[in-house]
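The block underneath contains the structure these notes are about, expressed in structure tokens.
The values are calculated or read from the model by the stated rules, or taken from the named source; none is laboratory data. No experiment lies behind these values; they were computed from the predicted model shown. For neighbour counting, all protein chains shown are included, and Cβ atoms are generated from backbone atoms with ideal geometry for every residue, glycine included.
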Amino acid sequence: MRQSSVVIDSKLPQVGTTIFTVMSKLAADCGAINLSQGFPDFQADSSLFDATARAMREGRNQYPPMAGVPELRSAIADKVAALYGASYDADSEITVTAGATQAIFTAIAAFVRAGDEVIVFEPVYDSYVPAIETVGGKAVYAALGFPDYRPDWQQVRSLIGPQTRMILINSPHNPTGSLLAADDLDQLAALTRDTDIVVLSDEVYEHIVFDGVQHQSVAAHPELAARGIVVSSFGKTYHITGWKVGYVLGAAALMAEFRKVHQFNVFTVNTPCQLGIAEYMCDASRHLGLAAFYAGKREYFRSQLQGSRFELLPCRGSYFQLARYGAISDLPDREFARWLTCEAGVAAIPVSAFHHDGRDERVVRFCFAKQEATLAAAGERLRAL
């Protein structure tokens, strides 16, 4: 291995390889069924591939506009208007991104300066805090109360101070599957009223909400929309996580600042993929049917764990199922996840990885965005524990 002669003062000295990479590699090394990382093991609709390939053959292979191809931005505007009754201008208020992680990083880089504080909710998705710290900001942690993972808005009020620049919310929530309700958004609006706080709303699982509940989007809340950057993901919606295509919504003044950073850290996004998605999403049933599709997978996976010693926590949205394992083992969750992968042959994510202080509630996360055969094989192994 080549040695560097440079003394490196790391911006992220506490950050190593993500838990998702670690557990997926361990699953491969141990020959385990991988229910750890959040991606489907089934194919997307071939008509999406056909539309994308057609754009390639028609010569649409050069740089598109920095904000995204007009066809896709227009389709996004139509979808958002139909779903949330919100009017976003396709030219000035919608930007196509290289996935949601890039969108979140770019939003943080655009608005957070050195010394600014960003309130995040724990358990917190692992990309948020490194993005904040990379630009010199400070993460301030609010707790989602175990085991229902609800926010405590009085605690949030106590955390807001003169350095608070942003509040980052995520609903449906990864890793817990919890949801923010309309009242939560109202309380957040009250807390941020008459401030210059930006609300960054990660809504990548917006179409995966169960039991007849409606997703509460910041885009549909006029007061929050005026200070909000909303992030969504085509990868999660159309089973194409490897394409890394998402988008952001925001008021024109906010979007202008977002694009100042976006144009220099990504510039633009794969042209034929944008065009393929634009054509595909015009059939609204393809995103409107997603909740029922994943509700079936949720119920199937939960049925596979009946008779096991796992205690399943509620899953109200996303494609993740949390489970307590105290009846099986008293190991810390990272050790249990490693044992589960190597000895039982099923990979999961330890939820302590989503806590900055390693708080361990003896809970692991399974991904059920899998074929029934995969879930059945995993269930057989998990019931045997």
Self-check item: Checklist (1) at pLDDT 95 or above; (2) in a loop (DSSP other than H, G, I, E, B); (3) closer than 22 Å to LYS370 by Cβ applied to PHE39, failing item
Solution: (1)
Exercise. Test VAL118 against the criterion of being hydrophobic (A, V, I, L, M, F, W, C), more than 20 Å from THR271 (Cα to Cα), crowded, with 23+ Cβ neighbours inside 10 Å and in contact with a strand residue (DSSP E or B) (Cβ under 8 Å, 6 or more places away or on another chain), and give yes or no.
Key: yes
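Return yes when GLY136 is touching a Cys at 6+ places or on another chain (Cβ under 6 Å) and either free of Cβ contacts under 8 Å to residues at least 40 places away in the same chain or under 26 Å from ILE19 (Cβ atoms) (or both) and no when it is not. Steps first, answer last, please.
Details: touching a Cys at 6+ places or on another chain (Cβ under 6 Å): no; either free of Cβ contacts under 8 Å to residues at least 40 places away in the same chain or under 26 Å from ILE19 (Cβ atoms) (or both): yes.
No, not satisfied.
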Quiz prompt | Qualifying position, being under 25 Å from ILE208 (Cα atoms), in a loop (DSSP other than H, G, I, E, B) and of a type in the set (A, V, I, L, M), among ALA75, ALA44 | solution = ALA44
Quiz item: Looking at the stretch 338-385, which of its residues are charged (D, E, K, R) and buried (at least 24 other Cβ atoms within 10 Å of the Cβ)?
Solution: ARG365
Self-check item: Selection count where residues are more than 27 Å from ILE208 (Cα to Cα), in a helix (DSSP H, G or I) and among the small types (Gly, Ala, Ser), scope the stretch 330-369
Solution: 1
Exercise. Determine whether ILE229 is crowded, with 23+ Cβ neighbours inside 10 Å, part of a helix (DSSP H, G or I) and of a type in the set (Val, Ile, Thr).
Key: no
Quiz item: Do we find that ALA189 is assigned to a strand (DSSP E or B) and touching an Asp or Glu at 6+ places or on another chain (Cβ under 9 Å) in this structure?
Solution: no
Quiz item: Within the stretch 153-186, how many residues turn out to be in a strand (DSSP E or B) and among the aliphatic types (A, V, I, L, M)?
Solution: 4
Quiz prompt | the stretch 275-298 residues that are farther than 23 Å from LEU72 by Cβ and in the same structural domain as LYS370 (by TED's automatic domain parsing), paired with ones that are modelled with pLDDT of 95 or more and surrounded by fewer than 20 Cβ atoms within 10 Å (Cβ to Cβ) (beta carbon under 6 Å, 6 or more apart) | solution = ALA295/PHE210
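Could you please find all residues in the stretch 98-122 being of a type outside the set (Gly, Ala, Ser) and over 19 Å from SER217 (Cα atoms)? Can you show your working first?
Within the stretch 98-122, the first condition is being of a type outside the set (Gly, Ala, Ser), and the residues that meet it are 101-102, 104-106, 108, 111-113, 116-122.
Within the stretch 98-122, GLN102, PHE105, THR106, ILE108, PHE111, VAL112, ARG113, ASP116, GLU117, VAL118, GLU122 meet the criteria.
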Quiz prompt | Residue satisfying condition, being among the hydrophobic types (A, V, I, L, M, F, W, C), within 27 Å of SER318 (Cβ to Cβ) and out of contact with any Phe, Trp or Tyr (no Cβ under 9 Å at 6 or more places or on another chain), within set ALA67, ALA55, ALA28 | solution = ALA28
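Looking only at residues that are of a type in the set (S, T, N, Q) and free of Cβ contacts under 8 Å to residues at least 60 places away in the same chain in the stretch 175-202, which one is farthest from VAL120 (Cα to Cα)? Walk me through it before giving the result.
Looking only at the stretch 175-202, we keep the residues that are of a type in the set (S, T, N, Q), and these are 176, 178, 187, 192, 195, 201.
Applying the additional criterion that residues be free of Cβ contacts under 8 Å to residues at least 60 places away in the same chain yields 187, 192, 195, 201.
Working: GLN187: 16, THR192: 14, THR195: 17, SER201: 11 Å.
Among them, the one singled out is THR195.
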Exercise. Starting from residues that are in contact with a strand residue (DSSP E or B) (Cβ under 9 Å, 6 or more places away or on another chain) and not small (Gly, Ala, Ser), keep the ones in the stretch 66-84 and report whichever is nearest to ALA256 (Cα to Cα).
Key: MET66
Quiz prompt | Residue list for the stretch 23-49, restricted to those being in contact with an Asp or Glu (Cβ under 9 Å, 6 or more places away or on another chain) and more than 18 Å from GLU335 (Cα to Cα) | solution = SER47, LEU48
Practice problem: Answer yes or no as to whether ALA377 is of a type outside the set (Phe, Trp, Tyr), in contact (Cβ under 8 Å) with a residue 40 or more places away in the chain, assigned by TED's automatic domain parsing to the domain that holds ASP29 and closer than 23 Å to PHE39 by Cβ. | Solution: yes
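Please go through the stretch 52-72 and give me each residue that is free of Cβ contacts under 8 Å to residues at least 60 places away in the same chain and assigned to a loop (DSSP other than H, G, I, E, B), ordered by number. Outline the logic, then answer.
Initial filter on the stretch 52-72 (free of Cβ contacts under 8 Å to residues at least 60 places away in the same chain): 57-59, 70.
Result: GLU58, GLY59.
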Quiz item: Which condition does ASN270 not pass, out of (1) within 24 Å of LEU48 (Cβ to Cβ); (2) touching a residue at least 12 places away in the same chain (Cβ under 8 Å); (3) more than 21 Å from the chain's Cα centre (by Cα), if it passes all the others?
Solution: (3)
